[in-house]
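First the structure, in the form of structure tokens, and then the observations on it.
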Amino acid sequence: MRSVILFTLSAMAICLVLASGVHATTIDSQAFTDTGSPTANGSSTGNINTATSFTVGNFISTTSQTGFFAGMPVQSFASFSFNITNPTSLTFGNSIFGTFTSTTITVVTNTPGFLNLSVMGEWTPGTFGGVTGGPFASTLSFVFTQNPSHSGAIGDSAVFQTVIPEPPTMVMGLTGLALGGMIYRLRRRRAAWAVV
């Protein structure tokens with residue numbers, strides 16, 4: 001009788017978890033900086049506020065990282081160019097970090113000496129951390145600065161964010177329910193054998 005009560009309580013708890021649809025997700029992020037010489041429209045002093053094409057000089061990851069990326073060693077990426085009028089023009093990556101490819105590029109803020117771009121895209125994981133699957137929906141927030149405005153030296157940095165999904169709650173809940181059912185059946189069989 002006690003095992004029936006325990007099984008019923010376990011099944012009810014699993015059903016509550018399934019009904020709530022709640023499962024943990026975290027935003028995984030990685031910051032980048034450009035230690036090279038970024039350009040706007042082919043010039044190191046081009047106007048970032050009117051430019052449509054940009055080249056990132058020496059893009060490197062920093063130790064500012066959260067979630068999955070925590071502990072990833074500093075990575076260096078080859079110089080890459082992109083055009084904000086072509087939503088699929090930005091691609092960067094390496095074998096450890098993985099590869100990010102843009103699907104949309106949106107200007108968020110454009111004020112003298114400051115340009116903020118939101119680049120939505122897909123990230124396919126590299127070898128770090130053993131994540132499989134993908135590509136995963138991701139965002140790369142780029143900030144370009146220029147001092148003095150319109151004609152000075154250009155600087156840029158970025159923050160990459162993605163959510164690596166955890167195993168679905170439904171699968172975990174059903175697995176627990178099946179396991180509980182198997183344990184209940186085994187206990188009933190043992191009890192029946194003990195009577196014989």
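Every number in this text was worked out from the coordinates using simple rules, so none of it is lab data. Since this is a predicted model, take the numbers as computed values, not measurements. No Cβ is skipped: glycine too gets one built from the backbone with ideal geometry, and neighbour counts run over all protein chains shown.
Length available on full extension from Ser37 to Thr103: 0.36 nm per residue minus the Cα-Cα distance, which gives 21.2 nm. Separation of region 103-138 and region 36-73 by C-alpha centroid, Å? When both Cα centres are located, 12 Å separates them.
What net charge is computed for the residues neighbouring Ser81, neighbours being all others with C-beta under 15 Å from the C-beta of Ser81, Lys and Arg scored +1, Asp and Glu -1? Counting the neighbours of Ser81, the net charge comes to -2. Here region 28-162 yields Rg over Rh of 0.97, to two decimals, using C-alpha coordinates and the Kirkwood radius. For a footprinting-style exposure proxy, rank Ile27, Ile164 by other Cβ within 10 Å, fewest first. Taking fewest neighbouring Cβ atoms as first place, the list is Ile27, Ile164. The local environment of Ser61, defined by Cβ-Cβ distances under 15 Å, has a net charge of -3 under the rule Lys, Arg +1 and Asp, Glu -1. Ranked by the mean number of other Cβ atoms within 10 Å per residue, highest first, peptides 149-156, 96-103 order as 96-103, 149-156.
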